[in-house]
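For reference, the structure is listed below as structure tokens.
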Amino acid sequence: DGGITQSPKYLFRKEGQNVTLSCEQNLNHDAMYWYRQDPGQGLRLIYYSQIVNDFQKGDIAEGYSVSREKKESFPLTVTSAQKNPTAFYLCASSWAGNSPLHFGNGTRLTVT
Amino acid sequence: AQSVTQLDSQVPVFEEAPVELRCNYSSSVSVYLFWYVQYPNQGLQLLLKYLSGSTLVKGINGFEAEFNKSQTSFHLRKPSVHISDTAEYFCAVSDIRAAGNQFYFGTGTSLTVIP
């Protein structure tokens with residue numbers, strides 16, 4: 001079945017460490033996205049990519065980095081510069097042109 | 001940029017009662033509209049979408065929504081809820097005019113179905 005796979009589901013890190021969240025899709029979608037979800041705040045866009053080797057900052061990109069070396073993969077690195085990294089992170093993908101987003105099941109990151 | 005307002009952060013409703021979850025957005029010009037559902041510790045699942053055509057849109061699990069351009073609203077309804085409908089619901093807007101696939105989400109409505 002086609003879909004989006006995020007791994008791991010739960011991730012624990014010490015403050016000051018960088019951590020990379022994986023996102024893989026086999027839907028052949030062009031665009032991929034990373035969102036952060038905090039209680040009561042909805043979804044906030046971190047980064048998005050519409051094509052391989054290109055990506056744009058979203059509303060809250062500071063302290064995060066991404067790469068898009070393959071169409072299927074869009075990993076997110078949470079760096080030590082991110083002040084409040086503990087959150088639920090959602091990866092999504094879509095066809096171009098305002099088609100609906102398809103979401104992975106998320107990664108819950110806890111930094112202590 | 002668009003803004004999306006979900007007026008009710010929490011909606012409790014008894015099983016088999018009707019429910020309406022409200023969504024308003026900032027501009028009716030050239031938008032696509034979506035409702036998503038999220039179960040605990042999972043991603044979002046598309047319930048329904050409005051792209052064009054009939055303003056009444058039917059989705060999965062018996063939900064429907066009506067696009068009202070003059071009121072810039074896209075309220076979600078279900079005539080009879082079930083326990084399994086307990087979840088978080090998000091309204092989203094996509095601005096057709098924006099470069100790329102730009103989505104704007106509301107802050108969510110937590111629906112609790114009471115037995």
Based on what the data block shows, is B:V37 more than 14 Å from chain A (Cβ to nearest Cβ) and among the β-branched types (V, I, T)? no
Within the range A:23-55, residues modelled with pLDDT of 95 or more, assigned to a strand (DSSP E or B) and touching an Asp or Glu at 6+ places or on another chain (Cβ under 7 Å) come out as A:E24, A:Q25
For B:I96, indicate whether it is touching a residue at least 60 places away in the same chain (Cβ under 8 Å), open to solvent by 60 Å² or more (accessible area, probe 1.4 Å), hydrophobic (A, V, I, L, M, F, W, C) and more than 10 Å from every other protein chain (Cβ to nearest Cβ). no
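Before we move on, is A:Y64 within 16 Å of A:R108 (Cα to Cα), within 14 Å of chain B (Cβ to nearest Cβ) and open to solvent by less than 20 Å² (accessible area, probe 1.4 Å)?
Values: within 16 Å of A:R108 (Cα to Cα): yes; within 14 Å of chain B (Cβ to nearest Cβ): no; open to solvent by less than 20 Å² (accessible area, probe 1.4 Å): yes.
No: the conditions fail for A:Y64.
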Here the qualifying pairs (Cβ atoms under 7 Å; residues six or more apart or on different chains; first in the range A:79-99 and within 7 Å of another protein chain (Cβ to nearest Cβ) and surrounded by 15 or more Cβ atoms within 10 Å (Cβ to Cβ); second hydrophobic (A, V, I, L, M, F, W, C) and part of a loop (DSSP other than H, G, I, E, B)) come out as A:S94/A:L101; A:N98/B:I96
Wholly inside the range B:25-115, strands (runs of 3 or more DSSP E) that include 1 or more residues that are of a type in the set (D, E, K, R) are B:44-50, B:56-58, B:64-68, B:73-78, B:87-95
Which one is farthest from B:P40 (Cα to Cα), of the residues in the range A:100-112 that are within 14 Å of chain B (Cβ to nearest Cβ) and in a loop (DSSP other than H, G, I, E, B)? A:P100
List every residue pair whose Cβ atoms sit under 8 Å apart, with the two residues 6 or more apart in sequence or on different chains, where the first one lies in the range B:63-86 and is surrounded by fewer than 16 Cβ atoms within 10 Å (Cβ to Cβ) and the second, anywhere, is acidic (D, E). B:R77/B:E20; B:R77/B:E64; B:R77/B:E66; B:S80/B:E16; B:H82/B:E15; B:H82/B:E16; B:I83/B:E15
Going residue by residue through the range A:2-22, is there one that turns out to be more than 8 Å from every other protein chain (Cβ to nearest Cβ), on the phi > 0 side of the Ramachandran plot, assigned to a loop (DSSP other than H, G, I, E, B) and within 14 Å of the chain's Cα centre (by Cα)? no
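Just to be sure before I move on: is B:T112 surrounded by 16 or more Cβ atoms within 10 Å (Cβ to Cβ) and more than 14 Å from chain A (Cβ to nearest Cβ) in the structure I sent?
Values: surrounded by 16 or more Cβ atoms within 10 Å (Cβ to Cβ): no; more than 14 Å from chain A (Cβ to nearest Cβ): yes.
Here the answer is no, as B:T112 does not meet what is asked.
The values are calculated or read from the model by the stated rules, or taken from the named source; none is laboratory data. Values in this document were obtained by computation on a predicted structure and should not be read as measured data. Glycine also receives a Cβ, built like all others from the backbone with ideal geometry; neighbour counts cover every protein chain displayed. Side chains are part of the model used for accessible areas, which takes the heavy atoms of the whole protein and leaves out ligands, DNA and RNA. Shrake-Rupley method; radii C 1.70, N 1.55, O 1.52, S 1.80 Å.
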